[in-house]
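Notes follow the structure.
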Amino acid sequence: MAARVRPPTWKDPRLVVGLVLIAVAVVAVVSVLRDADRTVPVYAAHGTLVPGTVLDESTVAVVHVRVGEGYLESPADAPFGRVLTRTVADGELIPASALTEPDRFDGRPVAVVTTAPVAEAVRPGTLVDVWVTPEDAPSARMGEALVVSAIDREEGGFSLGGETVYVVVPAQDVGTMLDALASAAEVAVVGIG
């Protein structure tokens, strides 16, 4: 004679264990999803920013990312009015260590009018060397690893020089650079790196 199967009841331990396992799984998934979505609003560069740039609303954007410490959170750490000490690429998060107060920034922009064409790869944020050739003297490097802050290129497809490259020069070297440029017969700006 076959035994009759009883229908499950709420007192069945297998049903209770199954419900507990389902509840634990749901709580774990919700917890993982909530932790994965922990982003904070931080400031990022809106375009390539070079040393000496005074930050304002037009030079930065707010992005939501998961990051560690060392970056400027919005709006608590607003960088407006502060100056960059290094190049920050377009879209790069702005580190707090790359900022200083305007009166503590050491660089000065200097316009270098070239007599030789400037490579197309030279753009704001690029590191360059400035070479000058005085009358009846050999060429000399007057600026090494200077950051380009801006560049005015000649219009058209063929250039014979005459472009103006603005480079950031340490304040103590500005006088030497200006003297060398004033007495140079030829000036070249060469990208490095």
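The values are calculated or read from the model by the stated rules, or taken from the named source; none is laboratory data. Values in this document were obtained by computation on a predicted structure and should not be read as measured data. Cβ placement follows ideal geometry from the backbone for every residue including glycine, while neighbour counts extend to all protein chains displayed. The accessibility values were calculated without ligands, DNA or RNA, using every heavy atom of the protein model including side chains. Shrake-Rupley method; radii C 1.70, N 1.55, O 1.52, S 1.80 Å.
Within the stretch 136-150, being in contact (Cβ under 8 Å) with a residue 24 or more places away in the chain, within 22 Å of the chain's Cα centre (by Cα) and buried (at least 20 other Cβ atoms within 10 Å of the Cβ) holds for VAL147, VAL148, SER149. For the stretch 11-32, indicate whether the set of residues that are among the polar types (S, T, N, Q) and open to solvent by 60 Å² or more (accessible area, probe 1.4 Å) is non-empty. Scanning the stretch 11-32, I find no residue that is among the polar types (S, T, N, Q) and open to solvent by 60 Å² or more (accessible area, probe 1.4 Å), so the answer is no. Taken residue by residue, the stretch 64-73 has no member that is open to solvent by 80 Å² or more (accessible area, probe 1.4 Å), among the β-branched types (Val, Ile, Thr) and either out of contact with any Ser or Thr (no Cβ under 8 Å at 6 or more places or on another chain) or not in a loop (DSSP other than H, G, I, E, B) (or both).
Checking each residue in the stretch 69-107 for being over 14 Å from ALA45 (Cα atoms) and basic (Lys, Arg) picks out only ARG104. Listed by position, the strands (runs of 3 or more DSSP E) enclosed by the stretch 74-157 that each have at least 2 residues that are touching a helix residue (DSSP H, G or I) at 6+ places or on another chain (Cβ under 7 Å) are 107-113, 140-152. Residues of the stretch 33-53 that are open to solvent by 80 Å² or more (accessible area, probe 1.4 Å) and outside any helix (DSSP H, G or I): ASP37, ARG38, HIS46.
Of all the criteria given as (1) open to solvent by 50 Å² or more (accessible area, probe 1.4 Å); (2) touching a Pro at 6+ places or on another chain (Cβ under 9 Å); (3) at pLDDT below 95, the one not satisfied by TYR166 is (3). Report, ordered by the first and then the second residue, all pairs with beta carbons closer than 6 Å, sequence separation of six or more or different chains, a first member in the stretch 93-111 that is within 24 Å of ILE151 (Cβ to Cβ), and a second member that is open to solvent by 50 Å² or more (accessible area, probe 1.4 Å). Close Cβ pairs satisfying both conditions: ALA98/THR85; ALA98/ARG86; PRO109/TYR166; ALA111/TYR166.
For every residue, the table says whether it meets (1) within 18 Å of the chain's Cα centre (by Cα); (2) open to solvent by 70 Å² or more (accessible area, probe 1.4 Å); (3) at pLDDT below 90.
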{"residue": "THR85", "(1), (2), (3)": "yes, no, no"}
{"residue": "ASP90", "(1), (2), (3)": "yes, yes, no"}
{"residue": "LEU99", "(1), (2), (3)": "yes, no, no"}
{"residue": "THR114", "(1), (2), (3)": "no, no, no"}
{"residue": "PRO117", "(1), (2), (3)": "no, yes, no"}
{"residue": "ARG123", "(1), (2), (3)": "yes, yes, no"}
{"residue": "LEU127", "(1), (2), (3)": "yes, yes, no"}
{"residue": "PRO134", "(1), (2), (3)": "no, no, no"}
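The one condition from (1) more than 24 Å from the chain's Cα centre (by Cα); (2) closer than 18 Å to VAL88 by Cβ that VAL60 does not meet is (1).
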